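Structure, as structure tokens:
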Amino acid sequence: MMQNEGNRNEMGDTTSELKMHFEGAWHKMMEELYKGPESLLQAVHYSCAGPGKRVRPLLLLLAGRSLGARMESCMSAAIALEMIHCYSLVHDDLPSMDDDDFRRGRLTTHKVYSEATAILAGDALLTDSFLVIARDTFLGDSLKVALMAELAKAAGSQGMALGQGLDMDTTRPLALKTSEDLDRMHSLKTGALLGASLAMAAICAGRPDLSQKMRTAGSTIGLAFQIMDDLLDESQGTGKSAGKDKAQDKLTYLSFYSRDQAIHLANHWTNEGKAILKDLGMVSELMGYLDLLLYREF
């Protein structure tokens with residue numbers, strides 16, 4: 001018991017250290033790219049300044065460390081991933097999408113600025129994420145190309161964007177109706193970017209031979225992550241409007257499963273992903289972080 005407690009403390013220290021380094025690099029990026037009086041730059045800065053969980057960059061940094069990569073070689077990829085995530089949140093909150101007023105405990109970007117400015121802010125973050133990787137000084141050109149290809153596939157019509165489109169379809173008649181439909185939607189909307197987090201770590205570590213299995217593990221863990229999001233949607237204190245999915249009659253895991261069944265399924269998907277990573281020799285720090293995601297309350 002004491003050994004497990006020690007492992008959790010060690011894992012927490014490692015995660016806190018990596019998050020601290022990431023936050024420093026993240027704020028440096030914001031100052032370099034989005035410092036200025038223009039409303040667009042201010043809107044992008046505002047979108048990036050919220051207290052994010054940093055799940056995707058932390059997964060990349062933890063996995064990269066497990067594979068022996070230098071943190072400097074992983075940082076631009078981690079920043080680019082979070083920029084893609086932030087852009088997706090800005091667009092997701094728009095009136096034409098999920099129409100939300102709050103994100104991370106603050107007013108959403110389109111509520112502080114205009115809807116048009118929020119659209120452009122998301123566009124800027126999406127595009128600039130590739131600039132961050134392209135100008136990295138620690139990576140060779142071939143690794144940059146591989147990272148950008150991985151990120152583009154995860155974010156675009158083969159991944160997150162398609163998943164978001166399917167999510168919007170869930171409110172239309174004769175659209176997604178089965179749990180298999182739901183799994184496919186979230187393997188794209190949520191799982192694709194989490195899969196890219198781990199696949200990009202393999203690329204940064206010079207182990208592209210592991211990227212496919214790492215991607216599969218991340219995508220699988222993404223399903224568990226989404227189940228927890230669905231459970232938390234009805235909770236207060238998450239920094240978002242509570243009960244939005246139910247109010248919009250969206251298809252969620254609670255449309256098919258009881259709360260206990262959904263938790264059991266989240267455990268199953270997490271263990272599936274962890275099993276893949278254990279076979280690849282991933283260290284306990286990463287495994288511990290995955291457990292934290294499974295039992296999170298935010």
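Each reported figure results from applying straightforward, stated rules to the coordinates on display, with no laboratory input. Here the structure is a predicted model, which means the values were calculated and not measured. So basically every Cβ, Gly included, is an ideal-geometry build from the backbone, and we count neighbours across all protein chains shown.
Remarks
- Rg over Rh, two decimals, segment 8-155 (C-alpha only, Kirkwood Rh): 0.98
- The 3J(HN,Hα) values that the Karplus relation (6.51, -1.76, 1.60; θ = phi - 60°) gives for segment 134-148 are, in residue order, 4, 9, 4, 9, 9, 10, x, 4, 5, 5, 4, 4, 5, 5, 5 Hz. Gly and Pro appear as x.
- Given +1 at the Cβ of Lys and Arg, -1 at the Cβ of Asp and Glu and no other charges, the dipole of segment 63-220 around its Cα centre is 540 debye to the nearest 20.
- The charge dipole of the chain, taken about its Cα centre with unit charges on the Cβ atoms of Lys, Arg (+1), Asp and Glu (-1) only, comes to about 360 debye.
- Between the listed residues Gly68, Ala80, His110, the Cα displaced farthest toward the positive end of the dipole of segment 55-111, a dipole computed from Cβ unit charges relative to the Cα centre, is found at Gly68.
- Largest mean-square fluctuation among His85, His264, His186, in a Gaussian network model of the chain whose springs join Cα atoms under 10 Å apart, belongs to His264.
- R0 of 45 Å, Cβ-Cβ distance Glu72-Ala116: FRET efficiency to nearest 0.05: 0.75
- Gaussian network model of the chain, Cα within-10 Å springs - most flexible of Lys144, Lys53, Lys274: Lys53
- Signed unit charges on C-beta, dipole axis of the chain, positive-most listed residue Ser258, Gly218, Ser47: Gly218
- Segment 187-194 - phi-based ³J(HN,Hα) in whole Hz, Karplus 6.51/-1.76/1.60, Gly and Pro as x: 5, 8, 5, 10, x, 4, 6, 5
- Normalised contact order of the chain, rounded percent, pairs of Cα under 8 Å and 6 or more residues apart: 20 percent
- The longest stretch of the chain left intact once loop-based GluC sites (Glu not before Pro) with at most 15 other Cβ atoms within 10 Å are removed from consideration, loops following DSSP, is 39-233.
- Under the Karplus curve 6.51 cos²θ - 1.76 cosθ + 1.60, θ = phi - 60°, whole-Hz ³J(HN,Hα) for segment 88-105, x wherever Gly or Pro sits: 5, 5, 4, 6, 4, 7, 4, x, 7, 10, 8, 6, 10, 9, 10, 8, 6, x
- Where labels lie 7 Å past Cα in the beta-carbon direction, separation of Arg106 and Gln158 in nm: 3.4 nm
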